[in-house]
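Below is one structure; the comments refer to it alone.
The values are calculated or read from the model by the stated rules, or taken from the named source; none is laboratory data. All values reported here derive from a predicted model rather than from experimental measurement. Note: ideal-geometry Cβ built from the backbone for every residue, glycine included; neighbour counts use all protein chains shown.
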Amino acid sequence: MVSMKLVSWFPVVVACVLFEFLGHSGSFAAFIPSDNYLVACGSSQNVTFQGKTYVPDSWHSSLTLKTGTPAVAKSNSSFPSPIYQSVRILSGISSYKFDIKQEGRHWIRLYFYPVPNSGQNLMSASITVATDDFVLLNNFTFKNYNGAYMFREYSVNVTSDTLTLFFIPSNNSVTFINAIEVVSIPDGVLPDQAITINPSTPISGLSELAFETVFRLNAGGPLITAENDTLGRIWENDAKYLHVNSSALNVSVNPASIRYPPSVTTEIAPNWVYASADVMGDANVANMNFNITWVFSVNRNFRYFVRVHFCDIVSKALNNLVFNLYINDDNAIESLDLSSFTGALNVPYYRDFVSNASVDSDNFTVSVGPDSTSDMTNATMNGLEIFKISNEVKSLDGLSPVESLLPRSSSKKNKTGIIIGSIVGAVVAFGLIGVCYCCLAAHRSKTNTHQAHPWLPLPLYGNSQTMTKMSTTSQKSGTASCISLASTNLGRLFTFQEILDATNKFDESLLLGVGGFGRVYKGTVEDGTKVAVKRGNPRSEQGLAEFRTEIEMLSKLRHRHLVSLIGYCDERSKPCSPEGTSQYSRVGNGLAEEGHVGSNHGLQSSRKGESSFSQKNLGETAEKCLAEHGVDRPSMGDVLWNLEYALQLEETSSALMEPEDNSTNHIPGIPLTPLEPFDNSVSIIDGGNSGTDDDAADAATSAVFSQLVNPRGR
């Protein structure tokens, strides 16, 4: 704890001389903190204290005070100093929230004084103070404190744009605060790394921990108040901490003679700290190799950050002063020769350590003593700082974390809520995206199958490999032949009800033609497209094979004289039925798009001036295709061969005439739609298919229909 009492033995005139010395030593630009809150809590006017002006908490524009029922008390009796004259009494959990301009370590300085005649018994009031992350003070009362007022200094690394100080009463009582300081600390003043004692190893990560200043000494020199320190620190004289007062002798030099190296500035310590020192005195002992020891009372449950300040102001030459430094009887530095580090006299130097308290007591000791190898039997120390380090629960007072002292609404509830809300929001967002994706995928899937959705265009080439192979059995066995097209890629899958609606339940007035394996009906689908519907005949075994072949061929070809397949109906829920069942039993229904049509009976001739040989060949082929019974009709392969032969005969004709558009036979009532020109450079066989028997058949078909692929004809 840092005492604010002036040392009684120190004459006032020395303080005046000190101020003069400090005035002549300012070779460094004064540090201007980015954040500099000086708050007089409960005051109605500015308060000047130690050369600084404190502003009432109600006047700060960048400060938010949240409290239940505050009360302001002003002392009408004597008080230690002006900063303790006013107080803000807080009932219930209250907080001060500071806007932070620059992240990094900040001093948090708290002033407490139980103002008499305040209307509350502040002597028994419990005081607990915490930041967003660290507990600074826990359940403190003045009843058990040996002092009229209390000053506490902390150092916390602020990593956000705000810093909140919570004041927490206990047992439905009140708490209070007189003044608050929140001030930026220059980078590098308090490090992230240090050296541990026993074993001597480097330690890092100190910037993530909170510090409490418990001791700050100016060895061999006077009290240095906040107004004489660039960072507003208080350095007290070390005399009361000496284990043996006569073991130390005070020495000093003109502060202006202190020469700071680039690595040390007045922000580390003011020049008067380095201009005064304790050296070995007359300890009245037989062995002159004694140590100067300082003893401190600490909490053994914490670790401590120790900074020791040195400056050789006693030697007449370099390398004469060599000594040892001990912390809790452990050797921290052995054979320390300041000249080897500074290269000159009167040059400041400091070292940082991290150490535990003594194992068997609450004492913490620091000692310097002569080294046996030195020509001079002496040792020195100029200044000492000891900071308590926050423990594993981020507390500087006890084992209770912030979360246990504050209700979630006042502690990290907001942060936790934001984090949890963000995570939940992200999960929900991803979930919605996934659901939308699944719905879209299902929608697209239904687009290909559902009756109410438009269908995808039929690909130029079908995929006969995916076709389910048909199985036929003899009618004589009492079963019908069946064929499935469910796995094909032949455009839209129509329901049987759609076929019924399109053809008005296969109205005979819409009959366009009759084949050996089925009838062709004129129809109109729901979007107005004119179509020709071919209905299979389950009684013709040969017709089933030809029906499947025709569908495959129509899915592969585009020609002005051929229909274009746009879909099919193959309801597996209504399989082929044996004879004697309803007339609507069927194998499948082929559907042709609006435009030129043909039939599986063969390609009808539409040319004028063809040779009689080719006409005869076509006529014979057509006649065979019109046979009443399927067994009497030629196979599709025979038809294709005859067509190719007829074309070869036609090539020998001596005179060919260009076809006329109006010579094309078509089904009455279905308007003709010109087709886009076909690029005959594109192969009719998909090059990506693997080599199978079906591929070979497709290749043969391609050769046979080499003339049909070119829509210009001959």
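Looking only at region 231-247, count how many residues are within 19 Å of Trp272 (Cβ to Cβ) and surrounded by 18 or more Cβ atoms within 10 Å (Cβ to Cβ).
So the count comes out to 9.
Being among the β-branched types (Val, Ile, Thr), under 26 Å from Ser44 (Cβ atoms) and at pLDDT 95 or above is true for just one of Thr164, Thr131. Which residue is that? Walk me through how you get there before you give the answer.
Numbers: Thr131 fails: under 26 Å from Ser44 (Cβ atoms).
Going through Thr164, Thr131 in turn, the sole match is Thr164.
Of all residues being among the acidic types (Asp, Glu) and closer than 20 Å to Arg519 by Cβ in region 624-643, which is modelled with the lowest pLDDT? Just the residue, please. First the steps, then the outcome.
Going residue by residue through region 624-643, those that are among the acidic types (Asp, Glu) are 628, 632, 638.
Add one more test, that the residue is closer than 20 Å to Arg519 by Cβ, and what stays is 628, 632.
Numbers: Glu628: 70, Asp632: 76.
Of everything passing the filter in region 624-643, Glu628 is modelled with the lowest pLDDT.
Looking at (1) of a type in the set (Val, Ile, Thr); (2) surrounded by fewer than 18 Cβ atoms within 10 Å (Cβ to Cβ); (3) under 55 Å from the mean Cα position of the chain (by Cα), which is the one condition that is false for Val273?
All conditions pass for Val273, except number (2).
All but one of (1) assigned by TED's automatic domain parsing to the domain that holds Tyr349; (2) of a type in the set (Ser, Thr, Tyr); (3) crowded, with 22+ Cβ neighbours inside 10 Å hold for Ser252; which doesn't?
(3)
List the pairs whose first member sits in region 332-347 and is within 13 Å of Thr380 (Cβ to Cβ), whose second member is assigned to a strand (DSSP E or B) and of a type in the set (Lys, Arg), and whose Cβ atoms are under 9 Å apart, counting only residues at least 6 apart or on separate chains?
These pairs meet every condition: Ile333/Arg351; Leu336/Arg351.
For region 283-307, what are the residues that are within 18 Å of Asp371 (Cα to Cα) and not polar (S, T, N, Q)? Steps first, answer last, please.
So in region 283-307, the residues within 18 Å of Asp371 (Cα to Cα) come out as 283, 285-293.
Result: Ala283, Val285, Ala286, Met288, Phe290, Ile292.
Select from region 183-229 the residues that are touching a Pro at 6+ places or on another chain (Cβ under 7 Å) and part of a loop (DSSP other than H, G, I, E, B) and write down the one among them that is surrounded by the most Cβ atoms within 10 Å (Cβ to Cβ).
Step one: of region 183-229, the residues touching a Pro at 6+ places or on another chain (Cβ under 7 Å) are 183-184, 193, 195, 206, 224, 228-229.
Narrowing the set further to residues that are part of a loop (DSSP other than H, G, I, E, B) leaves 193, 229.
Numbers: Gln193: 12, Asp229: 20.
Taking the candidates together, the pick is Asp229.
Please go through region 154-211 and pick out each residue that is in contact with a Leu (Cβ under 8 Å, 6 or more places away or on another chain), small (Gly, Ala, Ser) and over 15 Å from Leu136 (Cα atoms).
Ala179, Ala194, Ser207
Within region 123-152, how many residues are surrounded by fewer than 22 Cβ atoms within 10 Å (Cβ to Cβ), touching a helix residue (DSSP H, G or I) at 6+ places or on another chain (Cβ under 8 Å) and of a type in the set (A, V, I, L, M, F, W, C)?
Count: 3.
For Ser170, state whether it is in a loop (DSSP other than H, G, I, E, B) and under 29 Å from Gln102 (Cβ atoms). So that I can check it myself, show each step before the final result.
Working: in a loop (DSSP other than H, G, I, E, B): yes; under 29 Å from Gln102 (Cβ atoms): no.
No.
Residues in region 132-186 that are over 26 Å from Thr225 (Cβ atoms) and free of Cβ contacts under 8 Å to residues at least 40 places away in the same chain: how many?
Counting residues in region 132-186 that are over 26 Å from Thr225 (Cβ atoms) and free of Cβ contacts under 8 Å to residues at least 40 places away in the same chain gives 4.
Just to be sure before I move on: is Ser44 modelled with pLDDT of 80 or more, surrounded by 15 or more Cβ atoms within 10 Å (Cβ to Cβ) and closer than 30 Å to Val174 by Cβ in the structure I sent? Even if it seems obvious, please write down each step before you answer.
Values: modelled with pLDDT of 80 or more: yes; surrounded by 15 or more Cβ atoms within 10 Å (Cβ to Cβ): no; closer than 30 Å to Val174 by Cβ: yes.
No, not satisfied.
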